[in-house]
Amino acid sequence: MHKFLKAIGFSNLTIKELDDVLDDVVERANARESTLLEDGTKFEEMTLEVAKNIGIKVYGVYKNGEYEVEYFTPYLEGTIVSTTETIEIERRFDKVAYAGVCDEVRIGVTLIFHVQNPLDFLKKNNNKLDSKNVIAHGAILAGLADTGKILLPLNKKINKRNRLKNPSNKDRNILIAKAREGNEEAIEDLAASDMDMYAMLSKRVKNEDILSIVSTYVMPYGIESDCYSVLGNIVDYYVTKNTYTDEIIYVLKLEANEMYFDVCINKKDLLGEPMNGRRFKGNIWLQGELCI
């Protein structure tokens, strides 16, 4: 059973209750999309929305005229293009599902996310399962959170004073781009900047909490490649309700290292009250719609 179902308002489902929900998706889908795979098999995606921009997608194939469910995913539709970096697409080994992979310089790590629109990719790739021939140039990212808490914002004056000692994010991104191309001067400047940053952090962490020093981050979390621990500024948010269970869901628009993305979380799993300007800290399963 998918652990992130509770993020979209399905807490403590039994296996039978989950089967009933999936049957409803197949019978009452808001949207259906299909394509023929290279072996002639009909592959179909069925979507049922249970709240604004939130729902369940079911994927399966037709065998002997009957639809057989292969897998399902809860989803949140993002609302803003989060990255315009080149994205490579890798197929999951056990099913017709894909992961997007890109080097996002603003975050400082390789981002890996579950692809929400595999049929768009398949059609672009002439329905071939092999993912080597198609590259996306951007993605709309969103995350499902299993736990989270609300933190107060940082003291802007203190952090502005400390940032003056180091390159801005924009300048740092330019240096990283040059370093990737082999520019030795950029590599040296980055190394010097990192040493200065380390010295400053080592000094401050003796007397301050780490969350009063680090404003935002996106870091890999756990053993799954597309799960992350995030700390982001709340830019906007709204409250919605799962029409099946009446559970309350918060949908937050976050900014982390100048990258914007949406996150949803069940009210039961969120500690604190969201408000614009505050911060969200939690663990998410990262998804994304490819721009292809």
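The values are calculated or read from the model by the stated rules, or taken from the named source; none is laboratory data. What you see is a predicted model, and the numbers here were worked out from it, not measured in a lab. A quick note on method: Cβ atoms are made from the backbone with ideal geometry, for glycine too, and the neighbour counts reach across all protein chains shown.
With respect to the stated conditions, residue 112 is at pLDDT 90 or above, within 23 Å of residue 77 (Cα to Cα) and either touching a helix residue (DSSP H, G or I) at 6+ places or on another chain (Cβ under 7 Å) or not aromatic (Phe, Trp, Tyr) (or both). Among the candidates 253, 268, the residue that is part of a strand (DSSP E or B), basic (Lys, Arg) and not assigned by TED's automatic domain parsing to the domain that holds residue 28 is uniquely 253.
Among the residues of the range 62-96, those identified as part of a loop (DSSP other than H, G, I, E, B) and either assigned by TED's automatic domain parsing to the domain that holds residue 132 or closer than 30 Å to residue 248 by Cβ (or both) are 77, 78, 79, 80, 81, 82, 92, 93, 94, 95, 96.
Going by the conditions given, is residue 170 loosely packed, with under 12 Cβ neighbours inside 10 Å, modelled with pLDDT under 90 and of a type in the set (Lys, Arg)? Steps first, answer last, please.
Values: loosely packed, with under 12 Cβ neighbours inside 10 Å: yes; modelled with pLDDT under 90: yes; of a type in the set (Lys, Arg): yes.
Yes.
May I ask you to list the residues in the range 175-191 that are surrounded by fewer than 12 Cβ atoms within 10 Å (Cβ to Cβ) and either touching a residue at least 12 places away in the same chain (Cβ under 8 Å) or over 27 Å from residue 101 (Cα atoms) (or both)? Steps first, answer last, please.
Residues of the range 175-191 that are surrounded by fewer than 12 Cβ atoms within 10 Å (Cβ to Cβ), as a first pass: 181-182, 184-185, 191.
Passing the criteria: only 185.
Those residues that are hydrophobic (A, V, I, L, M, F, W, C) and under 10 Å from the mean Cα position of the chain (by Cα), I need them from the range 265-291; list them, please. Walk me through it before giving the result.
Narrowing the range 265-291 to residues hydrophobic (A, V, I, L, M, F, W, C): 265, 270-271, 275, 280, 284-286, 290-291.
Hits for the range 265-291 are 284, 285, 286.
Contact annotation: residue pairs with Cβ atoms under 6 Å, 6 or more positions apart or on different chains, pairing a residue in the range 274-292 that is part of a strand (DSSP E or B) with a partner that is aromatic (Phe, Trp, Tyr), are 283/221; 284/228; 285/4; 286/113; 286/228; 287/113; 288/113.
Taking the range 11-44 as the search range and keeping residues that are touching a helix residue (DSSP H, G or I) at 6+ places or on another chain (Cβ under 7 Å) and in a loop (DSSP other than H, G, I, E, B), which one is nearest to residue 249 (Cα to Cα)? Checked the range 11-44; the qualifying residue nearest to residue 249 (Cα to Cα) is 11. Among the conditions (1) under 22 Å from residue 226 (Cβ atoms); (2) part of a helix (DSSP H, G or I), the only one that residue 59 does not satisfy is (2).
Within the range 204-217, can one find any residue that is more than 19 Å from residue 54 (Cβ to Cβ), acidic (Asp, Glu) and either modelled with pLDDT under 95 or surrounded by 16 or more Cβ atoms within 10 Å (Cβ to Cβ) (or both)? Give the derivation first.
The initial filter retains those residues of the range 204-217 that are more than 19 Å from residue 54 (Cβ to Cβ), namely 204-217.
When the remaining residues are screened for being acidic (Asp, Glu), the result is 208-209.
Among the residues that remain, those that are also either modelled with pLDDT under 95 or surrounded by 16 or more Cβ atoms within 10 Å (Cβ to Cβ) (or both) are: 208-209.
Yes, the range 204-217 contains at least one residue that is more than 19 Å from residue 54 (Cβ to Cβ), acidic (Asp, Glu) and either modelled with pLDDT under 95 or surrounded by 16 or more Cβ atoms within 10 Å (Cβ to Cβ) (or both).
Could you tell me which of the residues 136, 99 is closer than 29 Å to residue 36 by Cβ, assigned to a strand (DSSP E or B) and either at pLDDT below 90 or of a type in the set (Lys, Arg) (or both)? Going through 136, 99 in turn, just one is closer than 29 Å to residue 36 by Cβ, assigned to a strand (DSSP E or B) and either at pLDDT below 90 or of a type in the set (Lys, Arg) (or both): 136.
Filter the range 61-72 for residues that are surrounded by 13 or more Cβ atoms within 10 Å (Cβ to Cβ) and out of contact with any helix residue (DSSP H, G or I) (no Cβ under 8 Å at 6 or more places or on another chain) and give the result. 61, 62, 70, 71, listed by residue number. If I filter the range 264-282 for residues that are over 21 Å from residue 114 (Cα atoms) and touching a Gly at 6+ places or on another chain (Cβ under 6 Å), do I get at least one hit? Taking every residue of the range 264-282 in turn, at least one turns out to be over 21 Å from residue 114 (Cα atoms) and touching a Gly at 6+ places or on another chain (Cβ under 6 Å).
One residue alone among 246, 262, 194 is surrounded by 12 or more Cβ atoms within 10 Å (Cβ to Cβ) and closer than 15 Å to residue 8 by Cβ, and that residue is 262. Kindly indicate whether residue 29 is surrounded by 19 or more Cβ atoms within 10 Å (Cβ to Cβ) and free of Cβ contacts under 8 Å to residues at least 40 places away in the same chain. Yes. For the range 32-70, give me each residue that is over 17 Å from residue 118 (Cβ atoms), of a type in the set (Gly, Ala, Ser) and at pLDDT 90 or above. 51 - this is the single residue of the range 32-70 that is over 17 Å from residue 118 (Cβ atoms), of a type in the set (Gly, Ala, Ser) and at pLDDT 90 or above.
For the range 66-118, the tally of residues that are under 16 Å from residue 2 (Cβ atoms), free of Cβ contacts under 8 Å to residues at least 40 places away in the same chain and touching a strand residue (DSSP E or B) at 6+ places or on another chain (Cβ under 6 Å) stands at 3.
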